[in-house]
1. Convex hull volume of the Cα atoms in region 2-165, per residue, in Å³?
2. What nm value, rounded to one decimal, do you get for the distance between E135 and I6 when each label is placed 7 Å out toward the C-beta?
3. Are there cysteines in the chain with no other Cys C-beta under 4.7 Å, and if so, which?
4. Nearest 0.05, what FRET efficiency do T237 and T287 give at R0 = 25 Å with Cβ-Cβ as r?
5. Once you order the gyration tensor axes a ≥ b ≥ c over the Cα atoms, which shape class does region 81-217 get: rounded for a/c under 1.5, otherwise prolate or oblate by comparing a/b with b/c?
6. Of the listed peptides 152-164, 229-241, 11-23, 187-199, what is their order by residue-averaged count of other C-beta atoms within 10 Å, with the highest listed first?
7. Using a Gaussian network for the chain with springs between C-alpha atoms less than 10 Å apart, which of these wobbles most: G119, G59, G202?
8. Work out how much length D146 to E123 would gain on full extension: take 0.36 nm times their residue separation and subtract the Cα-Cα distance, in nm to one decimal.
Amino acid sequence: MTFKVIKSGFYSTIQDSGRFGLAHHGLSQSGVADEHAYCWANHLLGNDVNDAVLEITFGGCELLALIDTCIVVAGADLGFKVNDKSQHNWQVFAVNKGDTLTWTTPKNGVRAYLAVQDGFQTEQHFNSRSVNLREKVGSLIQVGDDLLTRPSKPCDTGKAMPAWFKLNYQEPLSLRLLASYQFDMFTEQQRHTFFGQTYKIGKASDRTGCRLEGLPIENTPATMVSEGMVYGSVEITTAGFPIILLKDAPTIGGYPKIGTVFSLDLAKLAQRQPGCEVRFEMIDIETAQKLRREFNQFFTS
């Protein structure tokens with residue numbers, strides 16, 4: 001029960017919600033870059049919230065269906081087609097044995113997610129199927145690979161995400177920031193530079209970190225003894241530029257951290273292409289926790 005990889009694409013990996021509680025062993029969280037798209041894809045199929053999907057970055061991917069099954073494609077519009085016929089994201093539809101699924105080039109967003117019933121059944125490492133190339137855990141999909149699935153079952157063909165949940169991946173993005181314990185190390189002028197400008201996403205950004213370009217923060221606090229870091233931490237380099245740590249980031253680092261980006265905003269960031277505009281604003285911990293609980297409850301109830 002498989003999909004055969006005909007073209008592997010620019011950067012296509014199997015991901016689930018990631019691995020947790022292993023940072024003290026040097027293992028990062030890993031997992032899907034866009035939790036919003038991932039959760040919706042599994043939700044529409046009636047999957048478990050942790051079922052593995054194929055994360056396709058920037059397109060160029062082609063798969064051959066070797067089974068009759070139901071799928072959902074969520075996230076970026078990468079020109080998804082079945083047998084050369086364009087298809088919509090964010091809805092359940094059936095594919096038949098022999099169908100060819102292709103993702104060409106980005107039209108809106110960066111990463112598309114292919115979900116299948118009960119998730120892809122790849123090998124688990126440290127209780128997760130998520131691939132992390134930096135840590136040499138798993139690998140990119142390769143031409144000729146068989147992506148294993150479970151036997152298909154009846155599904156609600158045509159079930160779709162309500163339109164008001166759809167996000168515009170091209171609009172400027174405001175990231176909500178939780179202050180870190182090092183926030184007070186930055187002067188009022190340095191904070192003004194950070195919050196008062198519009199940054200652009202740099203071309204060197206990847207699943208490890210999002211590098212932002214703009215006016216540098218001058219006279220940044222000195223680097224410190226390396227310490228633990230979390231997903232979404234915003235480091236300020238010695239050159240004065242922010243790096244937002246993403247799913248494949250190292251677990252320790254020595255740059256001062258001005259704060260941590262609210263997790264649900266990081267999903268939006270994962271779909272922004274280089275050159276997109278980004279700003280920061282503050283959010284308090286109570287509001288962030290409330291919004292996160294509501295998100296989790298929606299997809300687990």
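Where a number appears in this text, it was derived from the coordinates with a stated rule and is not lab data. The shown structure was predicted, so the numbers you read here are calculated from the model rather than taken from an experiment. Here the Cβ positions follow ideal geometry from the backbone for every residue, glycine too, while neighbour counts run over all protein chains shown.
1. Dividing the Cα hull volume of region 2-165 by its residue count gives 105 Å³.
2. Distance between label points: 3.5 nm.
3. Isolated Cys, the chain: C39, C61, C210, C276.
4. Here the calculated transfer efficiency is 0.30.
5. prolate
6. 11-23, 229-241, 187-199, 152-164
7. G202
8. Additional length available on full extension: 7.0 nm.
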